[in-house]
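Data block below; observations after.
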Amino acid sequence: MKTTGWRSLILYIIGAGFLAGLLFFICSYFIQGGSWAIRPSNAHITNDGQLAYSGEITDRDGNLLSYSRDGVQQYNDNALIRKATLHVVGDPNGYISTGTQYAFRTQLSGFNPITGVVSPFGNAITGSNIRLTVSAEMSAAALQALNGKKGAVAVYNYNTGEVLCMVSSPTFDPLNIPADIETNSNYEGVYLNHALSSAYTPGSIFKIITAAAAIETIPDLDSRTFYCSGSTVINGEKITCDGVHGTISFQNGLASSCNVVFGELAVELGRDTMTKYAEQLGCNTNFYLDGNPNKMSAYHVEEADDNALAWSGIGQYTDTVNPYHMMILMGAVANGGTPVNPYMIQSVTNSFGLQTKTGKASNGRQMLQPSTAQRLQELMRYTVSNYYGDGMFPGLQAAAKTGTAEVGDDKIPTGWVIGYSQREDLPLAFAVVVEEGNYGRNSAGVVANTVLQKAAALYT
């Protein structure tokens with residue numbers, strides 16, 4: 001009897017293990033079946049690692065951007081649009097891992113766990129169609145405005161979360177891939193979406209973060225004055241400024257981008273407070289776009305002396321920021337402190353015409369107190385209207401901050417501009433970075449205005 005009992009127990013254990021394994025397999029199949037199906041070894045679905053058949057990818061206006069038939073990837077008829085949308089659509093070899101073709105290849109293949117990739121009413125492969133929120137025309141305008149410079153442009157509707165423009169340079173025509181793409185330095189980093197997956201020295205755009213920390217921490221900030229003689233000495237070393245501003249207020253210090261003001265503020269705030277607000281405003285953490293993480297902005301001053309801390313508050317030292325993060329931060333400023341999360345997938349529609357995924361607005365975490373956001377709105381609008389001049393963004397009611405980031409090795413500085421439009425019919429936040437652009441106002445500012453003017457013409 002004891003032997004029979006032990007045998008029964010063992011059988012029960014084996015049976016339970018089998019059922020647990022079967023349940024695990026079924027759950028894994030429903031969760032990961034699409035990834036299994038589109039592996040390169042599955043020649044029925046892929047051709048040299050690419051989808052043999054895929055649904056269409058279109059922009060927000062229905063312009064066809066990409067599809068695949070018989071293992072051949074097709075793209076828009078316009079070469080400029082192909083180049084401008086390369087990083088949001090993807091390349092034929094799947095090297096751009098954040099592109100829609102790669103990140104959403106399961107949906108594009110039409111895979112479902114019941115019928116696989118074929119129609120239940122026949123053997124035709126049925127891929128889903130994906131409509132993006134981006135504008136092909138805005139993207140083309142952005143790439144033209146970059147004029148061959150490396151950099152990135154990111155624009156989104158800070159009310160709805162729709163990404164209207166995400167352009168990265170360098171780029172290439174996916175229908176005419178350059179023969180020297182792997183060896184020519186002009187294509188270095190071409191497979192990265194620099195708006196999402198790169199970080200740059202910020203220069204003076206980081207003063208928005210230092211300003212936010214000061215607004216929330218220093219009670220008499222707006223009544224204080226600073227003195228700029230063109231430089232100041234902190235910890236025995238100079239902090240230099242591009243101008244001689246004399247006695248200057250905090251508001252005018254931000255508008256004129258005075259390094260003395262913001263270097264001294266960073267030291268007064270201290271390492272802990274600067275780190276607290278840098279992280280509160282998005283540094284040292286990831287943001288996501290339809291499941292793809294961004295390259296984290298980095299702020300680390302643990303070992304900085306006071307002079308290095310001062311430079312960090314100006315946007316130098318070891319600071320790096322990501323354009324996508326900066327765009328979201330501008331959305332937070334525009335929205336009273338809490339950003340709307342961006343998205344780029346407007347809809348995924350299967351072969352039966354049913355939408356299996358729809359993009360929608362959702363709030364991110366609060367980054368600023370409402371009163372702080374309102375003060376930054378006033379300061380950034382004042383910066384444009386009283387210092388840059390509204391001619392920089394004609395008719396856009398823009399609030400913005402430029403930056404010129406020193407990158408060392410006698411290289412031409414990186415140009416930046418971040419900001420948003422205060423027009424109710426054009427609620428767009430933006431971040432533009434131009435490598436070797438020098439002054440941000442003259443490089444990134446021109447690009448940003450070109451893209452926003454195109455948006456105004458198309459959608460208002």
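Some observations on this one:
- FRET efficiency, Thr247 to Tyr382 (Cβ-Cβ, R0 30 Å, nearest 0.05): 0.95
- The DSSP beta bridges internal to the chain are antiparallel in roughly 95% of cases.
- Charge tally for Gly151 (other residues, Cβ to Cβ under 12 Å; Lys, Arg +1; Asp, Glu -1): 0.
- Other residues lying with their Cβ under 13 Å from the Cβ of Asn442 contribute a combined charge of +1, Lys and Arg counting +1, Asp and Glu -1.
- With R₀ set to 30 Å, the beta-carbon distance separating Glu406 from Leu175 gives a calculated FRET efficiency near 0.20.
- The label-point distance for Asp220 and Glu182, in a model that sets each label 7 Å from Cα toward Cβ, rounds to 6.6 nm.
- This model, with +1 at the C-beta of Lys and Arg and -1 at the C-beta of Asp and Glu, gives segment 201-358 a dipole about its Cα centre of some 580 debye.
- Segment 347-437: equivalent-ellipsoid semi-axes (sqrt of 5 x gyration tensor eigenvalues, Cα, Å): 32, 21, 15
- Sorted peptide list for 315-326, 245-256, criterion being average Cβ within 10 angstrom, highest first: 315-326, 245-256
- Listed values (i) 102, 49, 47; (ii) 65, 60, 44; (iii) 91, 68, 45, entry calculated as Cα extents along the principal axes in Å: (iii)
Since every read-out is calculated from the coordinates, none of them should be taken as a lab result. Everything numeric here is computed off the predicted structure, so don't read it as measured data. All Cβ positions, glycine included, derive from the backbone under ideal geometry; neighbour counts span all protein chains shown.
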